[in-house]
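The values are calculated or read from the model by the stated rules, or taken from the named source; none is laboratory data. Note that the structure is predicted; figures quoted are calculated from it, not measured. Backbone-built Cβ (ideal geometry, glycine too); neighbour counts: all protein chains shown. The protein model used for the area step is the full one, side chains on, heavy atoms only, and it has no ligands, DNA or RNA in it. Shrake-Rupley method; radii C 1.70, N 1.55, O 1.52, S 1.80 Å.
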Amino acid sequence: MNTQKQLADIHHSGKPYIIYKSKKGFDLYTNFSRKIILNNKNVGSFLNKKYKNKKKETDLFIGFFGYELLNNLINIKIPNQKNINFPKGIFYKPEKILKISNKLNYKNEDKFKGSKFKININKNSYERIFNQFKKKIKSGETYQIKICTKYKTKSKINPLDFFSRLSKTNLAPEAFMIRDKNYSIISCSPENLITKEGSNISTKPIAGTVKKTKALNKIRALNYFKKNLKETKEHNMIVDMERNDLSRICKVGSVKLQKQKIVEEYKDLFHYVSLIKGKLKKKIKNIDIIKAMMPGGSVIGCPKINTLNLLNNQEKENRNIYTGSFGYIKFNGDMRFNIIIRSILNFKNVSEISVASGVVVDSNAKHEFSENYIKAKALIDLFK
């Protein structure tokens with residue numbers, strides 16, 4: 001049977017399923033035999049559990065860790081925040097994996113109804129928070145910090161329609177979609193946080209964003225990043241932090257910068273990217289890797305722990321999935337996780353898009369506020 005037809009049949013059946021970008025196209029995971037809703041009490045046992053079957057393609061769990069859960073794993077408490085009671089993390093055990101091409105040809109027959117987006121932080125509020133964090137930077141409490149803004153709208157969406165259109169206009173290497181009975185997530189995340197195969201591990205930090213224009217190609221974007229002091233400082237700090245995170249779990253001298261400061265192109269912007277690799281120490285467990293690498297430093301700031309505490313005490317709303325991680329853990333210990341950014345969470349017929357931009361000592365509030373909108377634009381356009 002045609003895979004696109006199978007995809008449409010699975011979607012119309014109402015069964016939960018997940019789509020995740022692969023090297024050649026997409027992998028579709030479905031026929032879930034288990035669904036584990038994570039919390040602070042069971043996450044440790046979930047990560048430490050060992051499995052006998054390790055050879056089948058379906059011998060894995062796939063799902064996500066939310067931001068709050070990852071904070072709690074490294075003993076960082078989050079103050080009381082506005083909360084929609086969305087699960088802290090969910091993982092699924094698939095019994096079927098379907099290979100799909102990059103071209104998702106899904107025809108949506110539903111009539112879409114949505115309202116205008118509302119932002120939780122306006123320009124004035126953003127500038128006030130920005131100035132507070134600038135003082136923290138100047139006093140040495142942090143060197144870089146990411147201010148999160150959230151766009152919300154009431155809407156009942158067809159996630160496969162949204163994801164199909166998104167894959168045509170803004171295909172990203174860590175794109176994924178989850179459709180379950182009471183929620184959906186659509187993401188064009190570009191950032192890989194963990195790829196582990198055997199004792200080899202890598203991370204690909206992104207730090208640096210510039211809006212695409214007719215005059216700006218990849219070569220000119222690279223020149224822009226190299227000459228821009230703020231973007232260079234931001235990138236160097238994040239790369240150093242990710243190298244440090246990897247060094248905690250890797251053999252001495254094995255952590256190497258494989259690709260440094262290259263440019264990747266997306267629908268509305270260019271990103272400044274590096275790739276870091278290392279060799280894991282013996283007896284390193286899955287939970288050690290997760291605690292060392294998550295939440296991803298490039299979407300938090302640095303130093304990580306101090307900056308997380310500053311962010312959590314300032315933010316009034318729970319981040320839910322945003323800056324958490326989606327991916328899979330195979331029964332043989334291999335894993336792949338992204339950073340959940342450029343994503344739509346639809347829960348209780350409300351869609352939310354969270355974005356963040358980095359503040360360093362050379363940052364400009366107006367520029368950073370605008371950069372947040374650039375990051376959200378490809379997703380907001382889906383609602384038009």
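General observations
- The set of residues from the stretch 254-263 being part of a strand (DSSP E or B) and either within 15 Å of THR209 (Cβ to Cβ) or not hydrophobic (A, V, I, L, M, F, W, C) (or both) comprises LYS256, GLN258, LYS259, GLN260, LYS261, ILE262, VAL263.
- Candidates in the stretch 176-233 are the residues that are of a type in the set (Gly, Ala, Ser) and at pLDDT 85 or above; of these, the one that is nearest to ILE90 (Cα to Cα) is SER184.
- Taking the criterion of being under 25 Å from ILE119 (Cα atoms) and in contact with a Leu (Cβ under 7 Å, 6 or more places away or on another chain), the residues of the stretch 317-335 that qualify are ASN320, ILE321, GLY324, SER325.
- Criterion applied to PHE61, PHE32, PHE65 was being at pLDDT 95 or above, out of contact with any Phe, Trp or Tyr (no Cβ under 6 Å at 6 or more places or on another chain) and open to solvent by less than 60 Å² (accessible area, probe 1.4 Å), and the one residue passing it is PHE65.
- Scanning the stretch 264-276 for residues that are farther than 19 Å from ILE290 by Cα, part of a strand (DSSP E or B) and open to solvent by 20 Å² or more (accessible area, probe 1.4 Å) gives GLU264, GLU265.
- Hits in the stretch 280-301 - residues which are surrounded by fewer than 18 Cβ atoms within 10 Å (Cβ to Cβ) and more than 19 Å from PHE326 (Cβ to Cβ): LYS281, LYS282, LYS283, LYS285, ASP288
- Residues located in the stretch 97-113, provided they are open to solvent by 70 Å² or more (accessible area, probe 1.4 Å) and outside any loop (DSSP other than H, G, I, E, B): LYS99
- Per the listing GLY297, GLY301, the residue uniquely on the phi > 0 side of the Ramachandran plot and modelled with pLDDT under 90 is GLY301.
- Taken over the stretch 128-144, the residue count meeting the criterion of being at pLDDT 90 or above and surrounded by 16 or more Cβ atoms within 10 Å (Cβ to Cβ) is 7.
- Of all residues making up the stretch 357-371, the number that are β-branched (Val, Ile, Thr) and open to solvent by 70 Å² or more (accessible area, probe 1.4 Å): 0
- Tally of residues being small (Gly, Ala, Ser), over 19 Å from GLU197 (Cβ atoms) and surrounded by fewer than 24 Cβ atoms within 10 Å (Cβ to Cβ) across the stretch 302-344: 0
- Wholly enclosed strands (runs of 3 or more DSSP E) of the stretch 152-253 bearing at least 1 residues open to solvent by 60 Å² or more (accessible area, probe 1.4 Å), farther than 30 Å from PRO16 by Cβ and not hydrophobic (A, V, I, L, M, F, W, C): 200-203, 206-211
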